[in-house]
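The values are calculated or read from the model by the stated rules, or taken from the named source; none is laboratory data. Just so you know, these numbers come straight off a predicted model, no measurement behind them. With ideal geometry, Cβ positions are generated from the backbone for all residues, glycine too; neighbour counts draw on all protein chains shown. Ligands, DNA and RNA are excluded from the accessible area calculation, which covers all protein heavy atoms including side chains. Shrake-Rupley method; radii C 1.70, N 1.55, O 1.52, S 1.80 Å.
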Amino acid sequence: MIRHGEILVFVFHEMDFFQCILWHSVGRPPQEHFLRKGGDISFMAAYEEEKRDVKVFVSGCYDLLHAGHVQFFREARAMGTNLTVSFASEEVLYAHKLKRSSVPDEHKAVLIGSLDCVDSVVVGNNTEALGLDFIEHFQRVRPHVLVVTDDDKYEDVKRELCLTLEPPCKYVKLPKTPPPFTPISTTEILQNIR
């Protein structure tokens, strides 16, 4: 079955095969399958296998949502079919960073959840496991992919967490892709407000 935002195209060649190209939505390269005329349609089995649900999980503070966060969510979502975003609760922010949250948890959940690339939002509230405030949600969701940015401070514990699932969750580190305008961090936003 083709999902919203995808296009399946058959290109018939004069030789003895035709080409099937699947264009994905948002950031995934097209897939090509070749099939001999008069042959079986085994490429459809490969296509269906590719279409299985792939759960992606991301976590962070996301204290003041900005375009860099949205870009990261879109890139993470392009790696699967379902994106869960976990953000650190007000208690976790205070316990680990000694700072108050700028936006109440309920508001943050609504803002993040309103993005079309986000399928579900959870609040990480484990104050005991540094860098793993989301551990209970991660174990419940059982994602196939955990995506982080290249400046993630908790790589070691997150990689270990991925290995606790069966089959193990894939750990993917993405470089921060700037939006098509001057990027800004949460810290810079707060400095501008003050």
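Could you list all residues from the stretch 155-185 that are touching a Cys at 6+ places or on another chain (Cβ under 9 Å) and open to solvent by less than 20 Å² (accessible area, probe 1.4 Å)?
Within the stretch 155-185, the subset touching a Cys at 6+ places or on another chain (Cβ under 9 Å) is 161-163, 168-171.
Across the stretch 155-185, the qualifying residues are 161, 162, 169.
Farther than 24 Å from residue 187 by Cα, buried (at least 16 other Cβ atoms within 10 Å of the Cβ) and of a type in the set (A, V, I, L, M): does that describe residue 115?
no
Within the bounds of the stretch 91-113, is there any residue that is within 25 Å of residue 180 (Cβ to Cβ) and touching a helix residue (DSSP H, G or I) at 6+ places or on another chain (Cβ under 7 Å)?
Within the stretch 91-113, none of the residues are within 25 Å of residue 180 (Cβ to Cβ) and touching a helix residue (DSSP H, G or I) at 6+ places or on another chain (Cβ under 7 Å).
Residue-by-condition table, conditions (1) open to solvent by 60 Å² or more (accessible area, probe 1.4 Å); (2) not in a helix (DSSP H, G or I):
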position: 56; (1), (2): no, yes
position: 59; (1), (2): no, yes
position: 68; (1), (2): no, no
position: 74; (1), (2): yes, no
position: 80; (1), (2): no, yes
position: 86; (1), (2): no, yes
position: 92; (1), (2): no, no
position: 95; (1), (2): no, no
position: 99; (1), (2): yes, yes
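With the structure loaded, tell me whether residue 58 is within 17 Å of the chain's Cα centre (by Cα), within 27 Å of residue 172 (Cβ to Cβ) and at pLDDT below 90 or whether it fails that test.
For residue 58, the condition - within 17 Å of the chain's Cα centre (by Cα), within 27 Å of residue 172 (Cβ to Cβ) and at pLDDT below 90 - is not met.
Give me the pairs: first residue in the stretch 120-143 and of a type in the set (S, T, N, Q), second residue outside any strand (DSSP E or B), beta-carbon distance under 6 Å, and six or more apart or on different chains, which are they?
Correct list of pairs: 125/89; 126/133; 126/135; 127/91; 127/92; 127/95.
Do we have residue 61 as touching a residue at least 12 places away in the same chain (Cβ under 8 Å), under 20 Å from residue 157 (Cβ atoms) and hydrophobic (A, V, I, L, M, F, W, C) here?
The answer is yes for residue 61.
Exactly one condition in (1) closer than 24 Å to residue 185 by Cα; (2) surrounded by fewer than 17 Cβ atoms within 10 Å (Cβ to Cβ); (3) touching a residue at least 60 places away in the same chain (Cβ under 8 Å) is not met by residue 147; state its number.
(2)
Only one of (1) touching a strand residue (DSSP E or B) at 6+ places or on another chain (Cβ under 8 Å); (2) exposed (fewer than 14 other Cβ atoms within 10 Å of the Cβ); (3) within 19 Å of residue 88 (Cα to Cα) is not met by residue 152, so which one is it?
Single failed check for residue 152: (2).
Among the residues of the stretch 157-182, write down those that are under 16 Å from residue 74 (Cα atoms) and not β-branched (Val, Ile, Thr). Before you say what the answer is, go through the steps one by one.
Residues of the stretch 157-182 under 16 Å from residue 74 (Cα atoms): 172-180.
Within the stretch 157-182, 173, 174, 175, 176, 178, 179, 180 meet the criteria.
With (1) surrounded by 12 or more Cβ atoms within 10 Å (Cβ to Cβ); (2) farther than 21 Å from residue 63 by Cβ; (3) of a type in the set (Lys, Arg) as the list, and residue 108 as the residue in question, which single condition is left unmet?
Unmet condition: (2).
Within the set of pairs 6 or more residues apart or between chains, which connect a residue that is among the small types (Gly, Ala, Ser) inside the stretch 91-108 to a residue that is at pLDDT below 90 and part of a loop (DSSP other than H, G, I, E, B) with Cβ atoms less than 7 Å apart?
101/63; 102/63; 102/64
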